[in-house]
Every structure is written in structure tokens, then in C-alpha cells.
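What follows is a set of notes on a single structure, which appears directly below.
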Amino acid sequence: MTPSQEDPRAVFTLREKLGEGSYGSVWRATDRHTGEDYAIKRVGIDNDLDDLQVEIAFMRSCSSEYIVRYFRSYVLGAELWIVMDYCCAGSVSDLMKATNTTLSVPQMQLVTRCALRGLQYLHAMHKIHRDIKCGNILLNAHGIGKLADFGVSGQLCDTMAKRHTVI
């Protein structure tokens, strides 16, 4: 990973905080030049930089409409800004909380189909996600579900029959 030394505030306007956790925060941001929206994950560099580099390398190596796309990274002070797809409908978990209901059968079918297509892609690349849940399936404006949060994902190599850790 070679993050850009350019100031991301000159490239993006932060619009709203989408979420926050022990990792840092995620923001909706607009590219000042193109007007396109992106999600920016802001993480303190004092967090495990090696884990962040693995997560970024994992996302960078993926190219599927069912996987959240990585664009680039920036360093700003003690923060790493990771620029990714913006999925305007949020996570499946967010959707259920906002509507105070569970998904209908057709909605479950759509979400499951997207998640399985994402997993099919990852598995064909010998990658494993290891944290599939409603909060890690994001929905874009077209209702396409995309797998996100690759912090505990893994890469299987030819000599490894399976991962030996449990999340």
C-alpha cells in the first residue's frame, strides 16, 4: 500500500458520518472535481498498520460488482483515509433497523443471491471473508448487495487446506 501524500480534504468534501466503531469512522464524501460520492473509512494510524495494509491489499485485488470497490488511500496527520464505493442504502442491518422489520422473502432472496455471488467470486480467488453478516452487506442505489469489511478476511495459498483460526 502506498497512500497518497496529497491532502484528501482538497479532493473530497465530507458530507455525513455513516458509522463509527473501534476501527474509526466511515463518512460519505463528495469528490470536489467529479461530484461523485464515495465512502471514506478514517482509521487512526496508531491502529495496527499491518492489518490495515492487509485489508487494503485484499480489497485492491478484488474486482466484482458484489464486492465493495477500493479506490485509493491517503494519509492525513495520524489518520489513514481509505476511499471506497459509496453504497447509499447502507447495510442490510441498517435497513432492517430503519424499517423496524425483517426482510421479506423476495428481499432475502436478493440479498442472499448477491452475497453468494460475492462469496463465489472470493472463493474462486482463493479468498475467504470470515465475517458475513447483515452489517457487512451494503446496498447500492440499484439494490445490489456488496460484501464489505475485510478486516478479518484471509487468502488461502496452495499449501493451506483451510484457515485454522476462528472469528
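Can you name the helices (runs of 4 or more DSSP H) wholly within the stretch 43-153 that have at least 2 residues being more than 30 Å from Asp7 (Cβ to Cβ)? Reasoning before the result, please.
Details: elements: 49-60, 92-99, 105-124.
Answer list for the stretch 43-153: 92-99, 105-124.
The residue of the stretch 52-70 that is nearest to Gln120 (Cα to Cα), among those that are open to solvent by less than 70 Å² (accessible area, probe 1.4 Å) and free of Cβ contacts under 8 Å to residues at least 60 places away in the same chain, is Ser64. For the stretch 32-53, a residue qualifies if it is within 21 Å of Leu139 (Cβ to Cβ) and not hydrophobic (A, V, I, L, M, F, W, C), and the qualifying residues are Glu36, Asp37, Tyr38, Lys41. Residues of the stretch 84-99 that are open to solvent by less than 70 Å² (accessible area, probe 1.4 Å) and under 16 Å from Asn140 (Cβ atoms): Met84, Asp85, Tyr86, Cys87, Ala89, Gly90, Ser91, Val92, Ser93, Leu95.
The values are calculated or read from the model by the stated rules, or taken from the named source; none is laboratory data. Computed from a predicted model, the values in this text were never measured in an experiment. No Cβ is skipped: glycine too gets one built from the backbone with ideal geometry, and neighbour counts run over all protein chains shown. Protein only, heavy atoms only, side chains kept; ligands, DNA and RNA dropped before computing areas. Shrake-Rupley method; radii C 1.70, N 1.55, O 1.52, S 1.80 Å.
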